[in-house]
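Note sheet for the following structure.
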Amino acid sequence: MPLSGFDPLVPEWFRARFQHATEPQVQGWPEIAAGHNVLISAPTGSGKTLAAFLICIDQLVRAARSGALANETQVVYVSPLKALSNDVHRNLEVPLAEIAVLAHR
């Protein structure tokens, strides 16, 4: 199961939003989580950005749930300027807000 290593809130959120993980996500998550440098080459819309962001989201959720989330920059994302705002909103801000709702129910 590709989401088995994540905090339980993360797979719960993912399953509510998506039917299944994409191949780039399935192959990328274990490598990214292991701290390896990863280059994912796949077509637009294949989940590449979320493949990277979900590991960051998981780390943020874990830190928040343990009370260890510091009020400082935790994620640095490099993207073409044209896509930056949309990527951060769609792949970081929205998922974190939705996971926070799950955590507080």
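The values are calculated or read from the model by the stated rules, or taken from the named source; none is laboratory data. Please read all numbers here as calculations on a predicted model, not as lab measurements. Cβ sites come from the backbone with ideal geometry, for glycine too, and all protein chains shown count toward neighbours. Each accessible area value is taken on the protein alone, full model and side chains, heavy atoms only, with ligands, DNA and RNA left out. Shrake-Rupley method; radii C 1.70, N 1.55, O 1.52, S 1.80 Å.
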Difference of contour (0.36 nm per residue) and Cα-Cα distance, Ala42 to Ala83: 13.1 nm
Around Ala21, with a cut-off of 13 angstrom between Cβ atoms, what is the net charge of the other residues, counting Lys and Arg +1 and Asp and Glu -1? +2
Based on the alpha-carbon gyration tensor of the chain and its eigenvalue square roots a ≥ b ≥ c, which shape applies: rounded if a/c is under 1.5, prolate if not and a/b is larger than b/c, or oblate? rounded
Taking the solvent-accessible surface of protein heavy atoms with a 1.4 Å probe, what is the per residue accessible area of the chain in Å²? 66
If contacts are Cα pairs under 8 angstrom and at least 6 residues apart, what is the relative contact order of the chain in percent? 31
By the gyration tensor of its Cα atoms, with a ≥ b ≥ c the square roots of the eigenvalues, what is the shape of the range 1-44: rounded for a/c under 1.5, prolate for a/b over b/c, or oblate? oblate
